[in-house]
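Below you'll find the structure, written out as structure tokens, and then a few comments.
Coordinate-derived values only; no laboratory data. Every value quoted in this text rests on a predicted model; they were computed, and no experiment measured them. Because the Cβ atoms are built from the backbone with ideal geometry, glycine has one as well, and the counts that use them run over all protein chains shown.
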Amino acid sequence: MPPEVPHDYAFRPLTGKDMKLLARWLAEPHVAAWWGDKASELEGIGSHIDSISVEPFIIELDGRPIGYIQSYDPHLEDENPYQGQPSGTLGIDQFIGEPDLIGKGHGTRLIGAFLEMLFEEGAPRVIVDPDPANAAAIRAYEKAGFRPIGRRAGEHGEVLLMAIDNDDMEEEP
């Protein structure tokens, strides 16, 4: 097997110009299966462009837009079910929009790159909440270092809450 070629993942802030691309990705069967109604998802994502609680990004691979990722602070959202997480915890949601990139390890690698960015910015913990039936996403999160915390009632049904802690953060006495 040839050696793995390293990829350069970048995260640029989402703009209004990206909405047409997001609409196309949200219509892809592999995204639609887990992200819900395209119109309401698109509206929700668009509302985050100027949000304080959510930071939306376009994922780029070697300069090519390939997906969407966002971080959010559960402590800044009214009625967020994850407000019991430690102060400074961030949640993430993402998808790879380009079908030709699914199942090739990009999910784990791009999540790792995004985690590195969030940890460098000082996040003590990052959480994700995949649908328990989304085995591929759960495997990608586990490979990136997330561990299951337990099942929870999420905004759209039952989820598997998973977390990864920033090992570089000093523990409080």
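Key figures for this structure:
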read-out	value
Per-q log10 I(q)/I(0), the range 9-126, q = 0.10, 0.16 Å⁻¹ (Debye; single scatterer per alpha-carbon; no solvent)	-0.29, -0.78
Qualifying GluC sites (Glu not before Pro) for the range 85-123 [loop in DSSP, other Cβ within 10 Å: at most 15]	Glu121
Distance between modelled label sites at Ser40 and Lys104, nm, 7 Å Cα→Cβ extension	3.3 nm
Average Cα contact separation per residue, the range 55-151, under 8 Å, 6 or more apart, as relative contact order %	23 percent
